[in-house]
Amino acid sequence: MKSILVIGLGRFGHHLASNFINHGNDVMIIDQDEKRLEDLVPYAASAKIGDCTNPEVLRSLGIGNFDLIFVCIGTNFQSSLEITSLVKEMGAKRVVSKATRDIQAKFLLKNGADEVVYPDKDIAEKLAKRYSINHIFDYIELAEGYAIYEMPPLREWIGKTIRESNIAAKYHISILGTTSGGINSATGKRTNIMPSADYVIKEEEHLIVLAQNTVEQELLKRL
């Protein structure tokens with residue numbers, strides 16, 4: 001469990017705080033607008049109303065006590081920049097700030113942010129990738145040209161074990177898991193993480209694979 005402060009309860013901040021709470025973290029939330037806090041008050045460890053561009057408001061929160069601080073101000077970049085700088089000066093351990101443009105990210109990183117997130121940009125890129133390429137059901141972009149893909153098995157793999165298919169050596173990919181069923185299935189979606197080398201690949205399931213983007217493109221041509 002981590003101690004987390006979420007500053008700004010717009011759409012992104014609200015979803016972020018809610019999910020952190022659902023994962024059992026100790027979450028404090030703060031926003032100038034009391035209405036934005038109301039539905040999370042019963043679940044958050046603490047909720048406060050205040051303007052975090054005011055240093056006195058920030059000092060009252062005990063900035064140095066949090067494992068993570070998220071600055072989720074989306075409509076006023078000047079405020080986001082000021083708050084990011086202030087919390088870092090007050091001893092924040094790790095600051096993650098929201099940005100909507102690259103130029104904002106550069107300023108945030110120079111003024112105290114340890115990391116910058118682009119929630120709108122990230123989901124747009126993921127959706128564009130997912131729906132532009134046939135046979136890709138989901139994917140997570142990783143660093144240095146790698147990604148995790150959910151894809152159907154090649155015809156030549158079906159009915160063979162992972163060892164017999166020689167997938168890792170021949171195709172330079174790693175199978176991290178398999179999924180079968182789905183939201184319309186009577187039993188729901190079932191996931192098998194890290195299957196053994198003796199696991200037999202089935203036609204009706206999807207594979208979760210780790211691969212370089214160039215390798216993934218070659219595989220998709222064969223589907």
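Return the pair list, or none, for Cβ contacts closer than 7 Å from residues in segment 38-55 that are over 15 Å from His15 (Cβ atoms) to residues that are among the hydroxyl-bearing types (Ser, Thr, Tyr), at least 6 apart or on different chains.
Sorted first by the residue in segment 38-55, then by its partner, the pairs are Thr53/Ser79.
List every residue pair whose Cβ atoms sit under 8 Å apart, with the two residues 6 or more apart in sequence or on different chains, where the first one lies in segment 166-182 and is over 18 Å from Arg155 (Cα atoms) and the second, anywhere, is assigned to a strand (DSSP E or B) and among the basic types (Lys, Arg).
Pairs found: Gly181/Arg190.
What number of residues in segment 8-17 are touching a Ser or Thr at 6+ places or on another chain (Cβ under 9 Å) and either at positive phi or among the aliphatic types (A, V, I, L, M) (or both)?
1
Of the residues Leu142, Leu176, only one is modelled with pLDDT of 90 or more, within 30 Å of His15 (Cα to Cα) and not assigned by TED's automatic domain parsing to the domain that holds Phe12; which?
From the options Leu142, Leu176, the qualifying one is Leu176.
Could you tell me whether Val41 is more than 21 Å from Phe107 (Cα to Cα) and in contact with a Gly (Cβ under 6 Å, 6 or more places away or on another chain)?
The answer is no for Val41.
Only one of Ala113, Ala124, Ala147 is more than 25 Å from Gly13 (Cα to Cα) and within 20 Å of the chain's Cα centre (by Cα); which?
Ala147
Having 1 or more residues that are farther than 22 Å from Pro119 by Cα and acidic (Asp, Glu) is the bar; report the strands (runs of 3 or more DSSP E) wholly within segment 1-98 that clear it.
The qualifying strands (runs of 3 or more DSSP E) are 26-31.
Just need a number here: residues in segment 180-204 that are under 16 Å from Met151 (Cα atoms), outside any strand (DSSP E or B) and modelled with pLDDT under 85.
3
What residue, of Ala147, Ala113, is under 30 Å from Ile69 (Cβ atoms), aliphatic (A, V, I, L, M) and at pLDDT 90 or above?
Every option except Ala113 fails the conditions.
Can you tell me which of Ile49, Ile21, Ile7, Ile30 is at pLDDT 95 or above and farther than 24 Å from Phe77 by Cα?
Within the list Ile49, Ile21, Ile7, Ile30, the selection yields Ile21.
Please go through segment 141-159 and pick out each residue that is surrounded by 15 or more Cβ atoms within 10 Å (Cβ to Cβ) and part of a loop (DSSP other than H, G, I, E, B).
Matches in segment 141-159: Pro152, Pro153, Leu154, Ile158.
The values are calculated or read from the model by the stated rules, or taken from the named source; none is laboratory data. Just so we're clear, the structure is a prediction, and the values are computed from it rather than from any experiment. No Cβ is skipped: glycine too gets one built from the backbone with ideal geometry, and neighbour counts run over all protein chains shown.
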